[in-house]
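The block underneath contains the structure these notes are about, expressed in structure tokens.
The values are calculated or read from the model by the stated rules, or taken from the named source; none is laboratory data. Quick caveat: nothing in here was measured; it's all calculated off a predicted structure. Cβ atoms come from the backbone with ideal geometry, glycine included; neighbour counts cover every protein chain shown. In case anyone asks, the SASA skips ligands and DNA or RNA and just uses the protein heavy atoms, side chains included. Shrake-Rupley method; radii C 1.70, N 1.55, O 1.52, S 1.80 Å.
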Amino acid sequence: MKAKSTSLRNLTSVSLLGLGLLVASQASANECELNIAATDAMQFDTKELSVPASCKEVTLTLTHTGTLPKAAMGHNWVLTKAADMAGAANDGMAAGADAAYIKADDTRVIAHTALVGGGESTSITFSTEGMDAAEDYKFFCSFPGHWAIMQGSFKLKA
């Protein structure tokens with residue numbers, strides 16, 4: 001009876017270890033996926049986003065939790081170096097809504113989502129190649145008048 005009990009305990013330990021490794025590998029993959037929400041009150045639900053520097057790609061999902069339409073209170077998510085944020089935001093206003101308020105071929109823009117209205121969501125997957133953990137990055141909404149309030153920091157954690 002003792003041998004049977006030991007075998008069962010060993011089998012349970014191995015099963016739990018396997019389950020733990022499976023959960024850990026799923027958690028690692030999820031570290032490169034981010035979610036952020038924007039409201040009708042011109043706010044993101046966080047002021048800081050970060051991913052491990054080991055992420056080669058990042059997937060970000062933006063959800064507009066408000067009810068106002070895109071034309072009145074549209075939101076997007078734009079990523080630049082901190083030093084480039086104001087210039088990219090100001091130049092983007094002239095680009096218009098059809099361009100999601102992003103200047104065409106703006107090399108300062110690392111990534112950006114589409115513009116969404118209340119109840120909508122959108123996702124973007126972007127490469128972190130060329131990004132540096134020592135650099136300061138900012139995310140913001142480029143809808144006219146929003147970027148001064150709707151912004152935060154983006155970090156690659158070394």
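Restricted to region 71-158, the set of strands (runs of 3 or more DSSP E) holding at least 1 residues that are modelled with pLDDT of 95 or more, over 23 Å from Thr39 (Cβ atoms) and small (Gly, Ala, Ser) comprises 121-127. Are any of the residues in region 36-53 open to solvent by 30 Å² or more (accessible area, probe 1.4 Å), assigned to a strand (DSSP E or B) and in contact (Cβ under 8 Å) with a residue 60 or more places away in the chain? Looking for residues that are open to solvent by 30 Å² or more (accessible area, probe 1.4 Å), assigned to a strand (DSSP E or B) and in contact (Cβ under 8 Å) with a residue 60 or more places away in the chain, one finds at least one in region 36-53, hence yes. Considering Ala88, Ala97, Ala82, which residue is farther than 24 Å from Asp40 by Cα and not hydroxyl-bearing (Ser, Thr, Tyr)? After applying the criteria, what remains is Ala82. Against the numbered list (1) within 16 Å of the chain's Cα centre (by Cα); (2) open to solvent by 60 Å² or more (accessible area, probe 1.4 Å), Trp77 comes up short only at (2). Scanning region 5-35 for residues that are modelled with pLDDT of 95 or more and either among the aromatic types (Phe, Trp, Tyr) or open to solvent by less than 70 Å² (accessible area, probe 1.4 Å) (or both) yields a count of 2. Answer with yes or no whether Leu62 is farther than 18 Å from Met42 by Cβ, buried (at least 22 other Cβ atoms within 10 Å of the Cβ) and out of contact with any Asp or Glu (no Cβ under 8 Å at 6 or more places or on another chain). Judged against the criteria, Leu62 is not a match.
Yes or no: Asp98 under 24 Å from Lys56 (Cβ atoms) and without any contact (Cβ under 8 Å) to a residue 40 or more places away in the chain? When the stated conditions are applied, Asp98 does not pass them. A Cβ distance below 9 Å, combined with a sequence gap of six or more or placement on separate chains, defines the contacts here; from region 134-145, residues that are at positive phi reach residues that are open to solvent by 10 Å² or more (accessible area, probe 1.4 Å) and part of a loop (DSSP other than H, G, I, E, B) in the pairs Gly145/Met42. Considering only residues of region 101-119 that are touching a residue at least 12 places away in the same chain (Cβ under 8 Å) and over 16 Å from the mean Cα position of the chain (by Cα), which is least open to solvent (accessible area, probe 1.4 Å)? Among those residues, the one meeting the criterion is Gly117.
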